[in-house]
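*Asks:* Starting off with a structure, shown below.
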Amino acid sequence: MTLKSKNIETILAEKRVFKPSKKFQQRAHIASMKEYLSLYEKSIKDPEKFWGKVASELTWFKKWSKVLDETEAPFYKWFVNGKTNITVNCLDRHLDTATRNKAAIIWEGEPKDRRTLTYSQLLQEVSLFASALKNLGIQRGDRVAIYLPMIPELAISVLACARIGAVHTVIFAGFSAEAIRDRVLDSESKLVITSDGGWRKGNILPLKQTVDDALHECPCVRHVVVVKRGQGEPFPCHIKEGRDHWYHRIIDDASAKCPAEPMDSEDMLFLLYTSGTTGKPKGIIHTTGGYMVYTYLTSKYVFDLRPEDVYWCTADIGWVTGHSYLVYGPLMNGATVFMYEGAPNWPDWGRFWSMIQDNSISIFYTAPTAIRAFMKWGEEWPNKYDLSSLRLLGTVGESINPEAWMWYHRVIGAEKCPIVDTWWQTETGGIMITPLPGCVPTKPGSATVPFFGVDAAVLSEEGKEVEAGILSIRKPWPGMLRGIYGDKERYKQTYWSKWPGKYFPGDGARKDSDGYFWILGRIDDVVNVAGHRIGTAELESIFVEYPSVAESAVIGIDHEIKGKCLVGFITLKDGVLATEALEKELKEWAGKKIGRFAIPDKIIFSADLPKTRSGKIMRRLLRDIATGRALGNVTTLAESNVVEQLREKYEED
Ligand code: PRX
């Protein structure tokens, strides 16, 4: 394992500490370190008591008989035999309170069209669509794929599936037709929900066309529901008779009453595909009860939600952050959620800040990559707007470099908003390491301390606690994944085999003398590009499928804005010439196979790939070549003896 030494140097030098203001602290849910530490200790000593108490704050059709069943570890079960439905907790539960007429979702489209749905209106919309899904023959347990832009119907679709016990699998709208096909086939989805289009940087995303391309090879799909986003716009859309149904037509014929299906705690709630270290994306399984309790509590405490907050998480619902902290968590807490369809820089770099001003947003949760892009465009953009409604800021998806943290703190937070740097993963379901904003002093670049019930540690390969090493979670927690769809063995192997009984998330970490965690990035072959996880093996196998490619190796290198970017080393088949045109074709190929966000920034043609004597690709050498450290700026490594000489030199190091 190579931990990034530059990263360690930066964070070792970081000594600044920021305490929450008295004003923030006074009204916070958890307002002192004493309270945090005492609750944390209880949560670790007696997790069943702790989580049982939290779960009792929510509505269940039938109470669980046991909080945690470890008998078939690592196939843990939470809230055993409990019956509930997460939508009852997101929606119905608020209808007897003042929350009923409060805005649940305030939505703004990229062309500035707007919609607000109160809690009672949202329940009505969800019930209508849930009934319509039933009318199309969707039953509990069926899988439904969702490929939509960030419009209210995306949240409604997710909730409508959950209402009737169908398993949703949301596919981020940036994925290509082939990526959709693979996910639809793996999950055996019966129905796909999409739209005629969506807006992004003033352009129309032709989502329905992409779905049509994907479905040529998906016999499992019986129906496609199409939301009309176009409203008279020239959105390209072909409706296939018998298979495709307009959303607005089917909800016209549907009942507005759709009682929530009583689900077992361990019934599957959703599948979400993510990249791993092998060529095939993994369908991460989340179930009902534990995920519900965990996202409820993390939302409440990490975002310190109060009734008057307007909360904005900029993540797309196509990623786990959108599932847990745009839809389920905040709605269970009765919050007002702001949702935006388009790009941060449309029509200009002031868009986010104008929306914060105009909607009096008080909590803002985004990714370091976005913060770095805003830094680059200059503080004159945020400075044009009144951001005084903000009281709390958050980040997620990758480590935030102290410089970006300080910019966020000073320019966006006016030095008064705590910043919660939240570490977690698709697999963890919810936030795992994070400051609680009313009590935990923050250090720029550190995700700070574990959340309640999270037994985090930094371990060596052998499982001993060390200062710098590999992050591990030593106890199960309610929001944890329950498996990889269709592959029990891979679940055990990937997450629970490094140290028996302990979860391995794939990140390097350091723990300082205050017990604060500093995440050092992935230690496996997964690269985090602008907060999107991309498996290098997945891209490598895609390149090798290209007719003129013999071999490929993909690595991640540092990138000023995106955190990391991808570089592909390609060895061509005999007689094929390395040309600029071929480089372009290969980039387009990656875009076609996965999505544009997975296109490498750079392709380097190489006569050979440097390998160790045992045949392992020398990724450190490739990284040094790609960053110019080994050879200066190269685009082609034409002669194999160059690589050979380098290999020898690196092996001597
Ligand atoms: O490497 C860690 C990084 O993102 C990975 C998880 O990616 P994904 O499943 O796509 O979920 C992203 C949103 C939860 C982790 O293994 N990561 C996430 N948050 C942080 C982070 N790295 C450092 N600091 C964070 N706050």
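The values are calculated or read from the model by the stated rules, or taken from the named source; none is laboratory data. As the structure is a computational prediction, the values presented were derived from the model and not from experiment. All Cβ positions, even for glycine, are placed from backbone atoms using ideal geometry, and neighbour counts span all protein chains on display. Calculation scope for accessible area: heavy atoms of the full protein, side chains included, ligands and nucleic acids excluded. Shrake-Rupley method; radii C 1.70, N 1.55, O 1.52, S 1.80 Å.
*Asks:* Would you mind classifying segment 254-351 by shape? Square roots of the alpha carbon gyration tensor eigenvalues, ordered a ≥ b ≥ c; an a/c under 1.5 is rounded, otherwise it is prolate if a/b is larger than b/c and oblate if not. Each step should come with its number before you reach the end.
*Replies:* Numbers: a/c = 1.64, a/b = 1.14, b/c = 1.43.
In terms of gyration-tensor shape, oblate.
*Asks:* Also, quick follow-up: Just the number, please: Stokes-Einstein D of the chain in µm²/s, Kirkwood Rh from C-alpha pairs, 10 °C, 1.306 mPa s. The partial results should precede the final answer.
*Replies:* Numbers: Rh = 25.5 Å.
Stokes-Einstein gives a translational diffusion coefficient of 62 µm²/s.
*Asks:* Note the full-extension length gain between His248 and Glu41 as 0.36 nm times their separation in residues minus their Cα-Cα distance, in nm to one decimal.
*Replies:* Stretched fully, the His248-Glu41 segment lengthens by 69.4 nm.
*Asks:* So, one more: Hey, how many Å between the Cα centroid of segment 564-630 and the Cα centroid of segment 260-336?
*Replies:* After rounding, the separation between the Cα centres reads 36 Å.
*Asks:* Further question: Could you work out how much longer the chain between Ala550 and Ala607 gets when fully extended? Use 0.36 nm per residue separation minus the Cα distance between them, nm to one decimal. Present the calculation step by step, with values, prior to reporting the outcome.
*Replies:* On the way: separation 57, 0.36 × 57 = 20.52 nm, distance 1.01 nm.
Length gained between Ala550 and Ala607: 19.5 nm.
*Asks:* Residue separation times 0.36 nm, minus the C-alpha to C-alpha distance between Lys62 and Ser360: what's the value?
*Replies:* Length gained, Lys62 through Ser360: 103.3 nm.
*Asks:* Which value in nm describes the separation of the simple spin-label points at Asp514 and Ser497, placed 7 Å from the Cα toward the beta carbon?
*Replies:* 3.9 nm
*Asks:* For segment 123-261, what does the alpha-carbon gyration tensor say about shape, rounded, prolate or oblate, given a ≥ b ≥ c as the root eigenvalues, a/c under 1.5 as rounded, and a/b over b/c as prolate?
*Replies:* Details: a/c = 1.65, a/b = 1.23, b/c = 1.34.
Judged from the Cα gyration tensor, segment 123-261 comes out oblate (a/c at least 1.5, b/c at or above a/b).
*Asks:* While we're here: Taking R0 as 41 Å, what FRET efficiency do you get between Arg115 and Lys22 from their Cβ-Cβ distance, rounded to the nearest 0.05?
*Replies:* Approximately 0.60, to the nearest 0.05.
*Asks:* Once Lys and Arg get +1 and Asp and Glu get -1 on their Cβ, which of Val54, Ile371, Val526 lies farthest toward the positive end of the dipole of the chain?
*Replies:* Val54
*Asks:* Oh, and also: Carbon and sulfur together cover what percent of the accessible area of segment 123-261 at a 1.4 Å probe radius?
*Replies:* 46 percent
*Asks:* What residue among Tyr76, Val170, Gly445 has its Cα farthest toward the positive end of the dipole of the chain, where the charges are +1 on Lys, Arg and -1 on Asp, Glu, each on the Cβ?
*Replies:* Tyr76
*Asks:* Say R0 is 22 Å: what FRET efficiency, to the nearest 0.05, do Glu415 and Lys15 get from their beta-carbon distance?
*Replies:* 0.80
*Asks:* Same structure, new question: Please work out the average accessible area per residue across the chain, using the 1.4 Å probe convention, and give it in Å².
*Replies:* That works out to 39 Å² per residue.
*Asks:* Same structure, new question: Based on the Cβ-Cβ distance of Glu560 and Lys201, what FRET efficiency does E = 1/(1 + (r/R0)^6) give at R0 = 22 Å, to the nearest 0.05?
*Replies:* Numbers: r = 21 Å, r/R0 = 0.94.
Here the calculated transfer efficiency is 0.60.
*Asks:* If I model a spin label as a point 7 Å beyond the Cα along the Cα-Cβ vector, how far apart are those points for Asp624 and Thr97 in nm?
*Replies:* The answer from the label model is 5.9 nm.
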